[in-house]
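The structure under discussion appears below in the form of structure tokens.
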Amino acid sequence: MPRTAVFFHAHPDDEALLTAGTMAMLAAEGHRVVLVVATAGERGLAEMEKGEALGEARMRELYKSAAALGCARVVCLDYGDSGLSPSGGVAEERPDNAFIDADSEEAAKALAAVLDEERADLLTIYDPAGGYGHPDHVQVHRVGRRAAQIAGTPIVLEATVNRDPLIRALRIAGRFYRFPPEFDLRTFESAYTAGDQITHRVNVRKYAWQKRASMSAHVSQASGGEGDRTLAVLLKIPGPLYRLVFGTEWYVRRDLPPGTRLRHPFDEAP
């Protein structure tokens, strides 16, 4: 039976990195996939200046990404991109409607309205740390959990990364490659989720080209700043290695017992 899955992200391009393979898989299986972003990402790094024009460009990129993944609908909640401070925390200067400053209950009701309208069976959010700690990502976790409660959405999955093999791989890569200035390996030691907490390991190798197309759609985020941007580096990975590196997507479902190991977003614990 076809179901509906809503994927909630903070900014355009977040879906490409964390959940694109799962989205493409569910769409190919005949499920309805809805992509919701909290902001247009108008304060992200890019060659064009921050502001409305960048936000419009990133939304165009988001629709292109969504089309590559087979999404049935794209929604923006129209909050302001909160940005980041130079140290990676909450920026002192941010718009009046910054997502991080939004009333969590009001934002949750806005998302819950989408969940109700779609009769969503599943919602994805982020882990409590917001992955690597971006304030808007942390807010996605808070708002998403509350929205699911309001709407009665039965399955809530926290999109994350298994940090154990990630840290090992990055340490090895660091011996041969000089990462861009924005990339700090130390942040990954407390980021994302330890492997023993992960409940879903979804094999998305079959959908690697859709995931790559999703990443490629976000042209603005492959440029700007000093040196190569992380997205630009990832897109240079050769096809076979790309399928290996990005062939699994990880999720945590908090209402399942520790040690649960499932392989599909709609799987239930045995």
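What to note about this one:
- Summarising the label geometry, the points placed 7 Å from Cα in the beta-carbon direction at residue 96 and residue 28 lie 4.7 nm from one another.
- Gain in span if fully extended, residue 67 to residue 52, counting 0.36 nm per residue against the direct Cα distance: 3.1 nm
- Spin-label model distance (nm) - residue 205 vs residue 113, 7 Å beyond Cα toward Cβ: 4.4
- Contour excess over end-to-end distance, with Cα ends at residue 269 and residue 255 and 0.36 nm allotted per residue: 4.0 nm
- Counting only residues at least eight positions apart within a chain, or on another chain, the lysines with an alpha carbon under 16 Å from that of residue 64 are 211.
- Range in the chain, longest, excluding exposed trypsin sites (Lys or Arg not before Pro) [loop by DSSP; at most 15 other beta-carbon atoms within 10 Å]: 1-118
- 10 Å Cβ shell holding at most 15 others, DSSP loop, GluC sites (Glu not before Pro): longest site-free stretch of the chain: 94-181
- Residue-wise HN-Hα coupling along segment 245-260, computed from phi with Karplus coefficients 6.51, -1.76, 1.60 (Hz; x: Gly, Pro): 5, 10, x, 10, 10, 10, 9, 10, 10, 6, 8, 9, x, x, x, 5
- Helical content alone sets the calculated 222 nm signal of the chain at -11000 deg cm²/dmol, taking -39,500 (n - 2.57) per DSSP H segment of four or more residues and averaging over every residue.
- Kirkwood hydrodynamic radius over Cα pairs of the chain, then Stokes diffusion coefficient at 37 °C and 0.692 mPa s, in µm²/s: 176
Taken together, the values in this text are just the output of simple stated rules run on the coordinates, not laboratory data. Small disclaimer: the values here were computed from a predicted structure and weren't measured. Methodologically, a virtual Cβ is constructed for each residue, glycine included, from the backbone with ideal geometry; neighbour enumeration extends over all protein chains shown.
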